[in-house]
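Undergrad: One structure, as structure tokens, below. Some questions next.
The values are calculated or read from the model by the stated rules, or taken from the named source; none is laboratory data. For clarity, every value in this text was computed on a predicted model and none was experimentally measured. In this analysis, Cβ positions are derived from the backbone assuming ideal geometry, glycine residues included, and neighbour counts consider all displayed protein chains. Surface accessibility is based on the protein's heavy atoms, side chains included, excluding ligands, DNA and RNA. Shrake-Rupley method; radii C 1.70, N 1.55, O 1.52, S 1.80 Å.
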Amino acid sequence: MSKTFKTNRCNACCSGCFVKCPTIMAIVIFTITIFFIAYLAASLNLKLEGDISGDIKDERTQRYYAFTNAKDALDSNNDPVPQQSLSTYSLQVIYKDTSSSKNLVGETQLGQMRKIETKIIKVSDYSNYCVLVNNGTECSNTSSVIPALTVGTTEPNEKPSDWPLHTYGSEIDPDFNQVKNSLQEQYLNSSYLYGSDYSNTTQSGQYLRSFFEFGLPLKSYTNEFSDRDSQNDDYSTWLNDVVSVLDSYADEKNVEVVYGGDYAILAELNKLLAHDSYFSIGSVYFVFFYMWFATRSGFLASFGMLQILLSFPCALILYGVVFNIKFFSSLNILAIYIILAIGADDIFIFIDTWNHSRHQGSPINDSLLNRMKWTYPHAAKAMAITSATTAFAFLVTAINPIVEISSFGIFAFCLVTINYILVITLFPAIVVMYEKYYSHHHCCWCCACKRKIKGGFLSYEKEQNVCCSTCGTKACNKVCCCNCKRSDKLAMDWDGIDTQEFDDQKEPALFQKPDTLYEEDSDVEQEGKNKDENQEQIKSHENELFQTVKLNKKMDPSQMTRVERFLYLKFAPTITHKIFRWVLIVVFLVIFIVFVVAVAKMKPSDNEEQSLPDSSNFVRFLKYSTNNFPISIEQKSYVQVDVTWGLKGYDISNVNKFDPDSHGTVEWDNNFDLKPTQNQLWIESFCNKTAADPSIVSENDIQCVMVDFHQYRTDNNLSFPIPDGGNHEFGVALKTYLEGPGRNDFFQDVLFSKEGDVKLMTASFSSLLKMANNIPYTKLKPVYDDWQNYVNNQNGQAPYGVNSCFQTADGWWVWMNTQKIFIRSAITGSVSSIAVAFVVITLSTMNWRIGLLSTFTITCIVISVLGCMQLMGWALGVIESICATILAGLAVDYVVHFAHAVNSSKSKKRVKRVRDALYSVGVSIFSGCTTTIGASLFLFLCYIVFFIKFGKFVLLTVLFSFAYSFLFFLPLCTVLGPSGHGFKQGDLCRRKKQPGDKLREIEFDDQIEKLPEIESDEDTKADPDFNPQPALVGDDLQENDKL
């Protein structure tokens, strides 16, 4: 009968359930998990984007959204608008001749262009989205260089000679002269369609482009404001069909095709996101096969991966239903790489702890139940500390005002939490199932080989046939065996041990207590006698001292894995050497100082950040449209600043930033009044004065309705300003003017109340900022400050009623503040996460020394990663700031594992504590590091630059975490770590010393020294203190064992 040892009731109950009915436990937990997902999945309502981005508490953000939502807020009458009569969306297609001629004005090239544009027009439901003219009976003409585009009704042939020309009807043009003449005439009126290199004389040029216009309101909608989100979604969905047509011609011979415009770039980005997401499958396969390799079990690897993957839908339910967060950023997709690393790490911890339980002596390895009672609390506690530290480090980012970052932090917190719950509930049952039903019946190759055995653990010298297979239990006598019983790592066939006992066991050898040999003499004849004497002496000391804990028993290194033997017998003596450990500490401190200097030189990015590679459609489109075409009427070469009167702000009191459907309320400036004549004159004067100020305006290109309205009144011999006698004269006159022909642009700059008064007025100016895809903070901030100071100064001089204007810049000021938050959060996020890590580690270990050493090491890792990023040429842009914000959450794992292991070791000396930590969790950390590196390498294959940089960032973090934890933290613990027996230096809680404690310690040390000295093999001789007390030993053994 196996012995038992005391443990708490909860652990005994859980362990009993896992061991006695593992299959039922696994099925029950799996069923509960699936039911949890299926039952709550119907309530899940996630959206990939929201109406509000940036910091909604910032004044610039509120003003921007007040400006963009003012028209919608004032549209209370819901006046109907003809279907698709308002040009709202545009699609620009650019063609580049890639042949040697570099001239698109040729029969072949123009034929290809016409074929492409005809395909676009024939896309299904094109007429339901184009701008309608002639009372909604036909689509408007497309701005294109293809003359036959608007009248061609049949599928064109490749030869342009078959085109029906718009100038000559259906007349055939065999010499191509009519087409050239038509292009010459068109160039005079639409030169913006031709590239900057185009010559109208020679009719040659490498670049041409076309514009397609699409309008609102769509069918079944009243006007452009009616459920605008749904109209945008409808258009975006339909545009995917157009994009598919363009993509099919992207590699057309001699003609390169790129496109851009409203929602076209979003369509491409979604396509690239879908493409890059497939690489996560590669990461899953890599982690799975490595788990198979590390555990030597496809059964454990399969169910381990299933448990990790189940974390994702469960976390989505917790994130979206329990926490009621509807916003789901594309950034959250990266969390799958994080949970693959953390989940695999937890699995390695549990399996390695389970394997260590075999070597803990009686009564732990007497039965499967005792092994689980010992394994479960130790593994659960180790994983709880690391999971809590990582989860709360991510949760700190929830306070970030940027919803994309805060939602990522919360989602990562949910993933880590759910993964921990599954690994302590589902996976123990899987491990017991494997041990009971699968581990001892499997096919293996077993061949006889000669092994020369001399001294040491086997205590004799001779050659003998032994099983070369790691699963064999005895020599197989030169035959192959199948379904062999699996025991410990290597064969256990030697004289003096009856191998038949392994064959007759009711339980597989894996569950049995491994025999450990203690021989003092190399003489084979004395083997049995010496072994019995040693066993009796050791058992006597066990009963006298700890009863259940092995003391100074020599474990056979052959029962360790190669990595364990290397870490304990080779690596540990090296890093704990009294001289070399100081060398390592000094070297890493110097490296830390170097990176501190590098981090001090980090600064915000001065250049535009590129989110896609150069080969992407969007980057090429931006390059060609900026560098190879003149600025069109529709395009702006400079950032436009809008000065608005009539708005006060945007009420966000009821806004939930995690709910995309949560909207604020536009706040109107009730003091705004254009009835007084001096107010009308002031706005006109403001526009003229601002347009002439070269310190803030790049060119005298303004759009101010008051200036044009004054000119209109003067040209028509009408008075200006207009006195208002109480009958809304000014509002009526201005509305009449705006309803005239050619004034649609101005109509967007003025809003009227139901009574006819002017409710809002906007004037637009070209700033000094050159238009670009992404303008960095360092360029935006000076221009914003100049404009803000100018507007504030003008408000101070303005008469009452027009003295509360504010300026916006189409979201650029919001983006400027967002970049500032990224930079600030990179610092505050790291500091906060490190502080949280210190609190969690200190409280979980109840030792302030471990807490301080761990926190300092984590700080070194964070600084080193940031410094390396700076040395690699990475400025502190958006991508780098996001990575820095979550850096601490990724950097804590390995250090925390070692911290807990060092603190939990039962050894008295610091050096032995470090060796015990290496033995207990060193292999797990190595495996976790390998899986994380392998998973992150797949990100290098992505198209999106952010994913590539994130992969490099994860790789850097893992490498520095691994190096600092093994080569800096452990040597540091040998110098400053906790030491002592029972109550260590740095413990937060100490029991009051009792009389006789000192005497008992002396007696304990004396009795340890009296234990028989054991002769060892070469590895053990190299390590005279070889006493692998796993760091997870003894916390839950008999509580009544006293010194």
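Undergrad: Let me confirm something: among GLY205, GLY215, GLY195, which residue is open to solvent by less than 20 Å² (accessible area, probe 1.4 Å), farther than 30 Å from SER100 by Cα and modelled with pLDDT of 85 or more?
TA: It is GLY215.
Undergrad: Can you say whether ALA335 is farther than 30 Å from GLN610 by Cα, among the hydrophobic types (A, V, I, L, M, F, W, C) and touching a Phe, Trp or Tyr at 6+ places or on another chain (Cβ under 7 Å), as far as the supplied structure shows?
TA: no
Undergrad: Quick one: ASN189 ticks every box in (1) over 19 Å from GLY111 (Cα atoms); (2) surrounded by 17 or more Cβ atoms within 10 Å (Cβ to Cβ); (3) of a type outside the set (Phe, Trp, Tyr) except a single one, so which number is it?
TA: (2)
Undergrad: Would a scan of region 390-405 turn up a residue that is open to solvent by 10 Å² or more (accessible area, probe 1.4 Å), assigned to a helix (DSSP H, G or I) and among the β-branched types (Val, Ile, Thr)?
TA: Looking through region 390-405, at least one residue is open to solvent by 10 Å² or more (accessible area, probe 1.4 Å), assigned to a helix (DSSP H, G or I) and among the β-branched types (Val, Ile, Thr).
Undergrad: What are the pairs, 6+ residues apart or on separate chains, where a residue within region 210-231 that is under 30 Å from PHE629 (Cα atoms) and in contact (Cβ under 8 Å) with a residue 60 or more places away in the chain has its Cβ under 8 Å from a residue that is open to solvent by less than 20 Å² (accessible area, probe 1.4 Å) and acidic (Asp, Glu)?
TA: SER210/GLU117
Undergrad: Quick one: count up the residues across region 309-347 that are farther than 16 Å from GLY934 by Cα and touching a helix residue (DSSP H, G or I) at 6+ places or on another chain (Cβ under 9 Å).
TA: Total satisfying the criteria: 26.
Undergrad: Looking for something over 32 Å from the mean Cα position of the chain (by Cα), modelled with pLDDT under 85 and open to solvent by 60 Å² or more (accessible area, probe 1.4 Å) - is there at least one such residue anywhere in region 52-73?
TA: Yes, there is a match, as at least one residue in region 52-73 is over 32 Å from the mean Cα position of the chain (by Cα), modelled with pLDDT under 85 and open to solvent by 60 Å² or more (accessible area, probe 1.4 Å).
Undergrad: Going through region 640-651 one residue at a time, which ones are open to solvent by less than 40 Å² (accessible area, probe 1.4 Å), modelled with pLDDT under 90 and not hydroxyl-bearing (Ser, Thr, Tyr)?
TA: Residue satisfying the conditions is GLY649 alone.
Undergrad: May I ask you to list pairs of residues, at least six apart or on different chains, whose Cβ atoms are under 6 Å apart, with the first in region 764-786 being crowded, with 17+ Cβ neighbours inside 10 Å and the second being of a type in the set (Asp, Glu)?
TA: SER764/ASP642; SER766/GLU699; SER766/ASP701; PRO776/ASP606
Undergrad: Hey, any hits in region 722-733 for a residue that's under 19 Å from ASN793 (Cβ atoms), open to solvent by less than 40 Å² (accessible area, probe 1.4 Å) and touching a strand residue (DSSP E or B) at 6+ places or on another chain (Cβ under 6 Å)?
TA: no
Undergrad: Looking at (1) outside any helix (DSSP H, G or I); (2) of a type outside the set (Gly, Ala, Ser); (3) within 26 Å of GLY54 (Cα to Cα), which is the only condition PRO799 fails?
TA: Going through the list (1) outside any helix (DSSP H, G or I); (2) of a type outside the set (Gly, Ala, Ser); (3) within 26 Å of GLY54 (Cα to Cα), PRO799 breaks only (3).
Undergrad: Looking only at region 226-243, count how many residues are under 16 Å from SER127 (Cα atoms) and either open to solvent by less than 10 Å² (accessible area, probe 1.4 Å) or assigned to a loop (DSSP other than H, G, I, E, B) (or both).
TA: So the answer is 4.
Undergrad: Just to be sure before I move on: is SER830 in a loop (DSSP other than H, G, I, E, B) and either closer than 18 Å to CYS687 by Cα or touching a helix residue (DSSP H, G or I) at 6+ places or on another chain (Cβ under 7 Å) (or both) in the structure I sent?
TA: no
Undergrad: Could you check region 89-108 and list, in sequence order, the residues that are among the β-branched types (Val, Ile, Thr), in contact with a Leu (Cβ under 9 Å, 6 or more places away or on another chain) and at pLDDT below 90?
TA: Answer for region 89-108, where residues must be among the β-branched types (Val, Ile, Thr), in contact with a Leu (Cβ under 9 Å, 6 or more places away or on another chain) and at pLDDT below 90: just VAL105.
Undergrad: Cβ-Cβ under 7 Å, sequence separation 6+ or interchain: first residue in region 8-22 and in a helix (DSSP H, G or I), partner open to solvent by 40 Å² or more (accessible area, probe 1.4 Å). Which pairs?
TA: SER15/LEU369; GLY16/LEU369; CYS17/MET25; PHE18/MET25; VAL19/LEU369; PRO22/LYS436
Undergrad: While we're here: Just to verify a result, which residue in region 349-380, among those that are surrounded by fewer than 24 Cβ atoms within 10 Å (Cβ to Cβ) and closer than 17 Å to GLY304 by Cβ, is modelled with the lowest pLDDT?
TA: ASN355
Condition check ((1) in a loop (DSSP other than H, G, I, E, B); (2) open to solvent by less than 20 Å² (accessible area, probe 1.4 Å); (3) under 19 Å from PHE926 (Cβ atoms)) across all residues:
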residue: VAL563; (1), (2), (3): no, no, yes
residue: PHE566; (1), (2), (3): no, no, yes
residue: THR574; (1), (2), (3): no, no, yes
residue: LYS578; (1), (2), (3): yes, no, no
residue: VAL583; (1), (2), (3): no, no, no
residue: LEU589; (1), (2), (3): no, no, no
residue: ALA598; (1), (2), (3): no, yes, no
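Undergrad: Given the condition under 39 Å from the mean Cα position of the chain (by Cα) and either in a helix (DSSP H, G or I) or hydrophobic (A, V, I, L, M, F, W, C) (or both), answer yes or no: does some residue in region 658-678 qualify?
TA: So far as region 658-678 goes, yes, one or more of its residues are under 39 Å from the mean Cα position of the chain (by Cα) and either in a helix (DSSP H, G or I) or hydrophobic (A, V, I, L, M, F, W, C) (or both).
Undergrad: On the given criteria, is PHE299 in contact (Cβ under 8 Å) with a residue 40 or more places away in the chain and crowded, with 17+ Cβ neighbours inside 10 Å?
TA: Against the criterion (in contact (Cβ under 8 Å) with a residue 40 or more places away in the chain and crowded, with 17+ Cβ neighbours inside 10 Å), PHE299 qualifies.
Undergrad: Which residue pairs have Cβ atoms closer than 6 Å, lie 6 or more positions apart in sequence or on different chains, and pair a first residue in region 820-833 that is hydroxyl-bearing (Ser, Thr, Tyr) with a second residue that is buried (at least 16 other Cβ atoms within 10 Å of the Cβ) and not in a helix (DSSP H, G or I)?
TA: Close Cβ pairs (under 6 Å, with a partner that is buried (at least 16 other Cβ atoms within 10 Å of the Cβ) and not in a helix (DSSP H, G or I)) amount to SER825/ASN400.
Undergrad: Determine if region 614-621 includes at least one residue that is open to solvent by 20 Å² or more (accessible area, probe 1.4 Å), among the basic types (Lys, Arg) and either within 32 Å of the chain's Cα centre (by Cα) or modelled with pLDDT of 90 or more (or both).
TA: yes
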